[in-house]
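The structure under discussion appears below in the form of structure tokens.
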Amino acid sequence: MSKGNRCVERSREMLRKAYAELFIERDEEKITVAAVIERAGLCRNTFYAHYDDILSLAKDVKEDFEKRFDGYIHQMPERTDMTDPLPLLEGISQFMMDSKEQCKLLLQSPKYATFMEKTKQVLVNSLCEHVEKVGNQSKTEALMLLYMLAGSMGELYTRYLEGKLDCTLQQIIDKMVAIYYEQLDRCQQA
């Protein structure tokens, strides 16, 4: 990447970060170009070199976040059955660690519920593709287990981001996987 391209990307990132910070502090419709450039320490010309208006910046922030989330999900190795949620949970947790500031910003937004619902659905869909390979466990029992895991994951990650859990993401993953394996074993023995 050339120096010019690095400077362009750096200024875009500064504008995105400034917008994200302002997103916590005020209503979205009250975020102005002036506030963003002041927070970013950039000039108006730099803003307009990258964006047409504040709405295009807001769209870019959202799309960048979603693109990185999707990238983490698609990087995970393919699973051959639903007995191992660990790679997926670790991928989602790694995304949250690498995007912790943005996730905390998102937590303050009315859009957080939609994001967590999408995250839970990714987990369920990914593991559900192989639900028939669970042995004696019925499809209904498997789906119930998956939805419980997904719901628990969403709740625990939310409490973690809110600072209400005194633990690491790895401890959350370890506990969720242990409970999942225990329940899966019980279902298969039934």
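The values are calculated or read from the model by the stated rules, or taken from the named source; none is laboratory data. Predicted model only: the values in this text are computed from it and were never measured. Ideal geometry is used to build each Cβ from the backbone, glycine not excepted, and the neighbour counts take in all protein chains shown. Protein only, heavy atoms only, side chains kept; ligands, DNA and RNA dropped before computing areas. Shrake-Rupley method; radii C 1.70, N 1.55, O 1.52, S 1.80 Å.
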Within region 23-32, tally of residues that are assigned to a helix (DSSP H, G or I) and over 11 Å from A58 (Cα atoms): 3
Unique residue being of a type in the set (V, I, T) and touching a Lys or Arg at 6+ places or on another chain (Cβ under 8 Å) when the list is V33, V8: V33
Hits in region 1-53 - residues which are among the aromatic types (F, W, Y) and surrounded by 17 or more Cβ atoms within 10 Å (Cβ to Cβ): Y19, F23, F47, Y51
Near pairs, Cβ below 9 angstrom, 6+ apart or cross-chain, from region 150-175 (closer than 14 Å to F115 by Cβ and of a type in the set (A, V, I, L, M)) to any residue that is open to solvent by 70 Å² or more (accessible area, probe 1.4 Å) and assigned to a helix (DSSP H, G or I): L161/K104
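Just give me the residues in region 139-168 being among the hydrophobic types (A, V, I, L, M, F, W, C) and modelled with pLDDT under 85, in sequence order.
Within region 139-168, A142, L143, M144, L145, L146, M148, L149, A150, M153, L161 qualify.
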